[in-house]
Amino acid sequence: GQLEKEGYPHFMLKEIFEQPGCIHDCMRGRINIDGNSVVLSAVIDYKEKLLKAKRFIIVACGTSWHAGLIGKHLIESFCRIPVEVEYASEFRYRDPVIDENDVVIAISQSGETADTLAAVELAKSRGAFIYGICNAIGSSIPRATHTGSYIHVGPEIGVASTKAFTGQVTVLTMLALTLAREKRTIGEAQFLKVVHELNGIPEKMKQVLKLNDKIAELSKIFTYAHNFIYLGRGYSYPVALEGALKLKEISYIHAEGYPAAEMKHGPIALVDAEMPVVVIATQNGLYEKVLSNIQEIKARKGRVIALVTEGDTVISKIADYCIELPQTIECLDPLITTVPLQMLAYHVAVCKGMDVDQPRNLAKSVTVE
Ligand code: G6P
């Protein structure tokens, strides 16, 4: 009912706006007030197991799989351990190479996704150690795992996942940081910098949420579109995938997420004056490269909607529309850039008159194959 939506027209919008509080709740009791340590009880309890892992395998579906791609980047860069990210539905039927030297991280908002649960059971039967990252407390996946960390973002009602994604990325960041410190693969200064920045994310998310009216206006322009392309590189590539998935799920517009540099190997053929191209172009390591990717799209007359860092004067001259976002460090950028893409998908769907909270053909949790 209207009461539970607390005045918001849809659960999805309410859940988008809850994110600063959710991230705070997710970090509560895990990052101390001074911001100089991160404590996950699962890592304390199973330190040996986790530190001796030769490889991590992340299994998940949908949006949780996208969080897994960011997790791979975080764990590999901080901990220097190889990480594979698998669709649970593929992993379970592939007779995967897995043994007791592997740690499997199962990511699931509901904790009830049938494919993810089956992947967990399979990995467990092969002797792997299983770490769950779930939201629904007491659900099937956390009960089937050896240990794990809840994301603590509260119940998610909207079928299109929003706050669970940012909660999953937050837990994966804390996990990567904790393991890296134990393994001494991260320098103290870098560790403190990331923790400090992570503490500041909820405030920066509040800044991003202030763009809601602007994004609602922008969305009206694009209700005509039948296709969208989303581009990003590095940490932003999974964000591009997630942005495209959000749009597909609730507006029924076909959207493709792509690593920006792969455009030239195919998808650039799709670009013409009708094609909206969302580019995550915040100022991080690959900024210059993304800039030239934008120029390639403009040369084909694509309509570029760029997510940029506040004060960017270069891209604002080339892109058709710019969404300015607060700056953060590269590894935390997904927590900022995901939010405007959630809002864009939401408003395009609302403009098209779609049932945002209950999109056709989709279920909140897929408990059967
Ligand atoms: C369904 C939902 C998605 C979700 C996916 C995985 O398809 O509609 O939003 O990302 O399942 O769900 P899980 O609960 O395992 O994260």
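For ALA225, the test of being touching a Lys or Arg at 6+ places or on another chain (Cβ under 6 Å) and outside any helix (DSSP H, G or I) is failed.
Of the residues making up the range 82-111, those that are assigned to a loop (DSSP other than H, G, I, E, B) and more than 13 Å from the ligand (Cβ to nearest atom) are PRO82, ARG92, TYR93, ARG94, ASP95, PRO96, VAL97, ILE98, ASP99, GLU100, ASN101.
Counting only residues that are within 13 Å of the ligand (Cβ to nearest atom) and part of a helix (DSSP H, G or I), which one in the range 335-369 is nearest to ILE141 (Cα to Cα)? The qualifying residue nearest to ILE141 (Cα to Cα) is GLN342. Based on this model, can you work out whether ASP45 counts as under 14 Å from LYS163 (Cα atoms), acidic (Asp, Glu) and in contact (Cβ under 8 Å) with a residue 12 or more places away in the chain? No, not satisfied. Scanning the range 70-81 for residues that are in contact with a Lys or Arg (Cβ under 6 Å, 6 or more places away or on another chain) and over 26 Å from GLY200 (Cβ atoms) turns up nothing.
Return a yes/no flag: does the range 207-221 have any residue that is buried (at least 19 other Cβ atoms within 10 Å of the Cβ) and under 23 Å from LEU286 (Cβ atoms). The answer is yes; a qualifying residue exists.
Restricting ALA114, ALA136 to those that are crowded, with 19+ Cβ neighbours inside 10 Å, within 14 Å of the ligand (Cβ to nearest atom) and farther than 24 Å from ARG181 by Cα reduces the list to ALA136. Taking the criterion of being surrounded by 20 or more Cβ atoms within 10 Å (Cβ to Cβ), in a helix (DSSP H, G or I), within 13 Å of the ligand (Cβ to nearest atom) and of a type outside the set (Val, Ile, Thr), the residues of the range 117-133 that qualify are LEU117, ALA119.
Residues in the range 23-80 that are hydroxyl-bearing (Ser, Thr, Tyr) and within 16 Å of the ligand (Cβ to nearest atom) were compared, and the one that is surrounded by the most Cβ atoms within 10 Å (Cβ to Cβ) is SER64.
Read-outs: derived from the displayed coordinates by stated rules, not from any lab. From a predicted model like this one, the values you see are computed outputs, not experimental measurements. For neighbour counting, all protein chains shown are included, and Cβ atoms are generated from backbone atoms with ideal geometry for every residue, glycine included.
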